[in-house]
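Have a look at the structure below before the remarks.
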Amino acid sequence: MGLQTQPYGIQGMLKEGHKHLSGLDEAVIKNIDACKQLSTITRTSLGPNGMNKMVINHLDKLFVTSDTATIVNELEIQHPAAKILVLAGKAQQQEIGDGANLVVSFAGELLQGAEDLIRMGLHPSEIIIGYTKAINKVVEILEGLVEQGSETMDVRNRDEVTLRMKAAVASKQYGQESILCPLIADVLFYCMHCPKNPVNFNVDNVRVAKLLGGGLQNCTTVRGMVLKGDTVGSIKRIEKSKVVVIAGGVDTTATETKGTVLIHSAEQLEGYAKTEEAKVEGLIKAVADSGAKVIVSGAAVGEMALHFCERYRIMVLKIGSKFELHRFCRTTGAVALLKLGSAVNPDDLGYVDSISVEEIGGARVTVVRNEQGGNTVTTVLLRGSTDSILDDLERAVDDGVNTYKALCRDSRIVPGAAATEIELARKLKEFSFTETGLDQYAIAKFAESFEMIPKTLAENAGLNAMEIISTLYADHASGNVKVGIDLEEGACKDVSTLNIWDLYVTKFHALKYAADAVCTVLRVDQVWN
């Protein structure tokens, strides 16, 4: 029997089959490569002319979209370093609701610059110090680029709101923003009737119902809810009525323990059935006596209960999702009851202007309208020819609503169409010359990375990127800090005349998250698996 040698060093410390990567070439460069691959995927989707990606996830669901948050979510990325970029993109999506592509693409460009510096001989620590100085300076410069007078804004001014959300909506649905922005603005103003303080605006109050058929011009708004499906009984329309909401279903209540009933004659059997009928009728009669003409159930509706609802001319609506049931309660002002009792408290009742069953594009939907009182739930009814188009329209609406939420907190705006990025690059480059240490090279690379935005916007629109960038630099050097790219004419113009503005908070958070993610990736020098 041969001698079995005992493993030594790291092999002896860790379990069999482990992987260990260390050093610049094995760990740092490989991590940077993985992140660069991810940013290459998302970069071509940047801007209004961004290309769509076709992703089929593990459930065989097809996604055709240019929305980076959806793409990185459905790609199921496994590499730990690339996951850091995905998390940064998700953080941006949750915080602002827009700008996830800027985070991932800009982080990839920063890491490309870091790789060049590492190959030149700089240590990752020096690059991190340089990048940290650079992002602090960027925040400083960015505040100086804020448009004068944009700090104060009336969030209930339709034109102002439409202007600020135009860029976010156009990045998802280019050419359709003139139709979508006013539609989203209408919905937002319905929702803003209630909160005195705009900061308390709740994104969940804006619902989206997607129905196949028709086109964008057929999209409408409903002050209330649109529920897919029909009512349970034969009553299809009711107006100006009180509503009772039952979370546990409308049916004869079963006892918790099992029991046996002994029946000796037909009269007893008949009496037993009549007792059950009388019990159910008593419950429905209590609803009718309270003045409610609509019962909304969260579970099954029994046949006997339905029979008595028809007799008392009460509409029955079934909502399976408990979340939708909560929204219905918010829409109508009702309080959800666990089960029907012998008496209904008037304070628990809600109110609707109308509930009607309508046929839209071959699908039957129940439209709940409530324009009175404190209703803040409003629905956008989207129409389109395919599910993919409807999903993309929903993302555009979602971006518009999230932009509104962000500008309710901070309404400051900066020039869009890559004007801000070129100005940041120019001023940061000047700042790098004032530094004396090795970190000046990292600051210069950070400044160069900003060129990725105009370059990508130009390439995605089929324009000459180098020519566009050199024209932008020339215009900005002469003092025109608001000059950006007009993608329609393929020229550089003053964005204030084109009305292309980006939110300051979107840019601020996107650049911060990207820089933080890059510094995190560069700090890793060993990978254990």
For helices (runs of 4 or more DSSP H) lying entirely in region 406-499, having 3 or more residues that are out of contact with any strand residue (DSSP E or B) (no Cβ under 6 Å at 6 or more places or on another chain), at pLDDT 85 or above and not acidic (Asp, Glu) picks out 419-434, 439-449, 452-460, 465-477
Log entry, pairs with first residue in region 508-523 being at positive phi, second being part of a helix (DSSP H, G or I) and open to solvent by less than 40 Å² (accessible area, probe 1.4 Å), beta carbons closer than 7 Å, six or more apart or on different chains, reads none
Report task. May I ask you to verify whether ASP186 is surrounded by 14 or more Cβ atoms within 10 Å (Cβ to Cβ) and over 24 Å from ASN480 (Cα atoms)? Result -> yes
inquiry  = Kindly evaluate GLU358 against the criterion of being in a loop (DSSP other than H, G, I, E, B) and charged (D, E, K, R).
reply    = no
Only unsatisfied item for LYS322, checking (1) within 29 Å of the chain's Cα centre (by Cα); (2) farther than 30 Å from GLU177 by Cβ; (3) modelled with pLDDT under 80, is (3)
Within region 470-503, the count of residues that are exposed (fewer than 14 other Cβ atoms within 10 Å of the Cβ), within 28 Å of MET153 (Cβ to Cβ) and without any contact (Cβ under 8 Å) to a residue 40 or more places away in the chain comes to 3
Going through region 1-51 in order, the residues found to be modelled with pLDDT of 85 or more and not hydrophobic (A, V, I, L, M, F, W, C) are ASP33, LYS36, GLN37, SER39, THR40, THR42, ARG43, THR44, SER45
When you scan region 189-207, do you find a residue that is modelled with pLDDT of 80 or more and of a type in the set (A, V, I, L, M), even just one?
yes
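Could you run through region 140-176 and say how many residues are within 17 Å of GLU423 (Cα to Cα) and open to solvent by 30 Å² or more (accessible area, probe 1.4 Å)?
Taking region 140-176 and keeping what is within 17 Å of GLU423 (Cα to Cα), we get 140-148.
Add one more test, that the residue is open to solvent by 30 Å² or more (accessible area, probe 1.4 Å), and what stays is 140, 143-144, 147-148.
The total comes to 5.
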Does GLY302 meet the test of being in the same structural domain as SER354 (by the TED database), more than 24 Å from THR378 (Cβ to Cβ) and open to solvent by 10 Å² or more (accessible area, probe 1.4 Å)? no
Return yes when LEU75 is at negative phi and within 20 Å of the chain's Cα centre (by Cα) and no when it is not. yes
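Tell me which helices (runs of 4 or more DSSP H) are completely within region 47-142 and hold 2 or more residues being touching a strand residue (DSSP E or B) at 6+ places or on another chain (Cβ under 7 Å), or say none if there are none. Before the answer, list the steps.
Details: elements: 68-75, 80-95, 100-120.
So the answer is 68-75.
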So, first residue over 20 Å from ASP399 (Cβ atoms) in region 197-224, second residue open to solvent by 50 Å² or more (accessible area, probe 1.4 Å) and among the basic types (Lys, Arg), Cβ within less than 8 Å, six or more apart or across chains; the pairs are VAL222/ARG369; ARG223/ARG369; GLY224/ARG369
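The values are calculated or read from the model by the stated rules, or taken from the named source; none is laboratory data. Source: prediction; values computed, not measured. Backbone-built Cβ (ideal geometry, glycine too); neighbour counts: all protein chains shown. Surface areas here come from the heavy atoms of the whole protein model, side chains and all, with no ligands, DNA or RNA. Shrake-Rupley method; radii C 1.70, N 1.55, O 1.52, S 1.80 Å.
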